[in-house]
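Just below is one structure, and these are the notes that go with it.
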Amino acid sequence: MGGTKVLRVGNRRRFLCCCACVSLGSLDSTAQVFPDSAATVLPPLPEAPGCGSGPGKDTPNAWQNISRSGIREVDDNLARETELLRKLFGVEPDFTFVQGMAEPSARTRHLRATQKTLIFMDVRMIREEQRINPRHWQSAIIGVLAHEYAHALQFDSGLGERSNLWETQADYLSGWYLGNKVLMGLSALNIDAYADALFRRGSKSGFFDEQGYGPPEARAASATRGFQRAYLDFDRGKLADIRLAAGDGYKHAMTVVR
């Protein structure tokens with residue numbers, strides 16, 4: 001994917017593609033996303049493990065919610081990005097930027113009392129990706145957003161699983177989302193940049209717990225595998241079926257997670 005040209009609007013990079021080429025229909029948001037897990041179903045998890053912040057390392061009450069990231073490209077395009085995420089994943093979580101996470105990361109929480117799913121993204125993560133990968137930071141951030149929407153879909157399914165299976169399937173589905181965006185016309189997206197971001201945060205210098213999230217090389221490979229899966233499913237003019245991708249992603253997770 002290296003060397004792809006960057007699409008521009010004026011003097012700024014495009015953060016997302018126009019989604020006019022996909023159907024505006026919606027999928028059943030209660031779709032089974034763990035089709036082969038009947039023998040290992042656990043009670044629904046109260047919160048996704050955290051995508052970077054393990055138990056005891058973070059205190060949600062200490063986070064400060066903010067309405068905008070302060071990064072113009074992100075703020076100008078976030079509403080359209082989340083619209084496409086909702087259409088492809090078939091879920092409608094609430095999203096907010098925050099400051100104050102223990103690590104520059106993103107989190108997904110599910111409130112059982114209200115059945116609401118909340119996604120939080122620390123703005124430091126965006127700044128960090130801009131610093132580390134100034135050419136393709138957008139790909140990493142969009143991938144992280146898709147990973148969190150995959151967690152929202154997992155919660156919406158009403159099932160629980162071991163955290164490393166959740167995370168591996170979410171990695172796969174985030175890659176699938178990036179693949180769909182490329183096929184819709186946003187050729188500047190770079191799956192390698194997102195896979196590298198997953199690997200970096202899972203390495204010894206990162207802050208992902210390998211026991212909870214899987215080996216960093218497996219996470220990067222899962223995102224790439226999901227990206228490739230999008231090419232099998234894509235049919236211009238139709239909404240890609242998340243249920244097929246989720247089922248394949250779960251089967252893939254079972255092969256790489258022990």
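Which FRET efficiency value, to the nearest 0.05, is calculated for GLN99 and GLU217 with the Förster distance at 35 angstrom and r the Cβ-Cβ distance?
Working: r = 31 Å, r/R0 = 0.90.
With a Förster radius of 35 Å, E is 0.65.
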**OP:** Mind listing the long-range amide H neighbours of ASN190? Cut-off is under 5 Å, sequence gap 5 or more, other chains count too, H placed in the peptide plane at 1.01 Å from N.
**Re:** SER139
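Go through 142-150, 71-79, 216-224 and give me the packing order, highest mean Cβ count within 10 Å leading. Before the final figure, lay out the partial values.
Values: 142-150: 26.3, 71-79: 15.7, 216-224: 23.2.
Top of the packing list down: 142-150, 216-224, 71-79.
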Original post:
What nm distance separates the two modelled labels at MET254 and ALA79, each placed 7 Å from Cα along Cα→Cβ?
Top reply: 4.3 nm
Subject >> Estimated distance in nm for a label pair at GLN64 and SER187, the labels positioned 7 Å out from Cα along Cα-to-Cβ >> reply: 4.3 nm
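Under the classification rounded if a/c is under 1.5, otherwise prolate if a/b is larger than b/c and oblate if not, where does the range 119-191 fall, given a ≥ b ≥ c as square roots of the Cα gyration tensor eigenvalues? Walk me through the numbers on the way to the answer.
Values: a/c = 2.48, a/b = 1.47, b/c = 1.68.
Oblate, since a/c reaches 1.5 and b/c is not below a/b.
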Original post:
If you place +1 on the Cβ of every Lys and Arg and -1 on the Cβ of every Asp and Glu, how big does the dipole about the Cα centre of the range 94-199 come out, in debye to the nearest 20?
Top reply: 220 debye
Original post:
Full extension from ALA113 to ARG86: what is 0.36 nm times the residue separation minus their Cα-Cα distance, to one decimal in nm?
Top reply: 7.5 nm
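The numbers here are math on the coordinates, done by the rules we state, and not lab data. Given the structure is predicted, the values throughout are model-derived calculations rather than measurements. Quick reminder, even Gly has a Cβ in these numbers, built from the backbone with ideal geometry, and neighbours come from all protein chains shown.
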